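Below is one structure, written out as structure tokens; comments come after it.
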């Protein structure tokens, strides 16, 4: 009964909802880090620390990290993939605007003694510099209103820069894996990455791109699906599903999915 009452308050009174979330976040900030099977400690998400979080994606990322010097993690969350890269001796550039996630991202870097090999940018990425609303939190925080059914009262303001501005010349002489999880805002991020996309020969991208899942109410298929893939195809990238099938993806297939005539059966894609 108490839980139901709290839920009703949270849903109908935005200020109470914000107070509840802030209190929850403050209370869990001192939760202990958990020793993982990969040799590092991770605080902020017991599922990630347990080894059962995205096992297929984790294997792929660890394999790809063997080919590069740097991981650029856009939407780094609490630093799960950053810690994998740092534990393998790679440098990391992490981008994460959510305050709770940022707390754990920096804590996980510092508590594993990796502070000198990681750069953290507390911003979101878009087509241009801005200040925008971000809905939701945790692994589902998004610049897209209505994403994954998140309440409109669960909103904060975040600074926005472009990937070109953040990276500048940092990747000019480096091989890099760019890992992107921005919950529906992929196209805007790529629109602000024109110069980085041109460094094709040195870059590998793994990008989460939803086609039908988590779309705002009334949206059946991601309206930016074709344009998002086209950003890569225009620069000569090939694409495949980032799963065990490694299914090749071309422009015709993307159009078929956008028109509801086919499906990817995956939301992660590898571009190289």
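The values are calculated or read from the model by the stated rules, or taken from the named source; none is laboratory data. In this text the structure is predicted, and so the values were computed from the model without any measurement. Positions of Cβ are backbone-derived with ideal geometry, glycine not excepted, and every protein chain shown enters the neighbour counts.
Summary of computed values
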quantity: Among (1) assigned to a helix (DSSP H, G or I); (2) in contact (Cβ under 8 Å) with a residue 60 or more places away in the chain; (3) farther than 22 Å from residue 97 by Cα - the single one residue 189 does not satisfy; calculated: (3)
quantity: Residue ID - farthest from residue 98 (Cα to Cα), chosen from residues in region 63-82 that are touching a helix residue (DSSP H, G or I) at 6+ places or on another chain (Cβ under 6 Å) and outside any loop (DSSP other than H, G, I, E, B); calculated: 65
quantity: Among residues of region 143-163, those that are more than 23 Å from residue 192 (Cβ to Cβ) and in a loop (DSSP other than H, G, I, E, B), counted; calculated: 5
quantity: Whichever residue in region 192-204 is out of contact with any helix residue (DSSP H, G or I) (no Cβ under 7 Å at 6 or more places or on another chain), closer than 18 Å to residue 233 by Cβ and touching a residue at least 12 places away in the same chain (Cβ under 8 Å) and, among such residues, is surrounded by the most Cβ atoms within 10 Å (Cβ to Cβ); calculated: 203
quantity: So residue 107, is it at pLDDT 95 or above, surrounded by fewer than 19 Cβ atoms within 10 Å (Cβ to Cβ), under 27 Å from residue 36 (Cβ atoms) and over 17 Å from the mean Cα position of the chain (by Cα); calculated: no
quantity: Qualifying residue in region 85-92 (condition: under 24 Å from residue 187 (Cβ atoms) and modelled with pLDDT of 95 or more); calculated: no
quantity: Positions within region 247-265 being surrounded by fewer than 17 Cβ atoms within 10 Å (Cβ to Cβ), on the phi < 0 side of the Ramachandran plot and either modelled with pLDDT under 95 or in a loop (DSSP other than H, G, I, E, B) (or both), in sequence order; calculated: 247, 250, 259, 261, 262, 263
quantity: Verdict on residue 43 being at pLDDT 95 or above, under 22 Å from the mean Cα position of the chain (by Cα) and closer than 29 Å to residue 162 by Cα; calculated: yes
quantity: Answer from 178, 196, 204, 166 - the residue that is in contact with a strand residue (DSSP E or B) (Cβ under 9 Å, 6 or more places away or on another chain), more than 22 Å from residue 240 (Cβ to Cβ) and not in a loop (DSSP other than H, G, I, E, B); calculated: 166
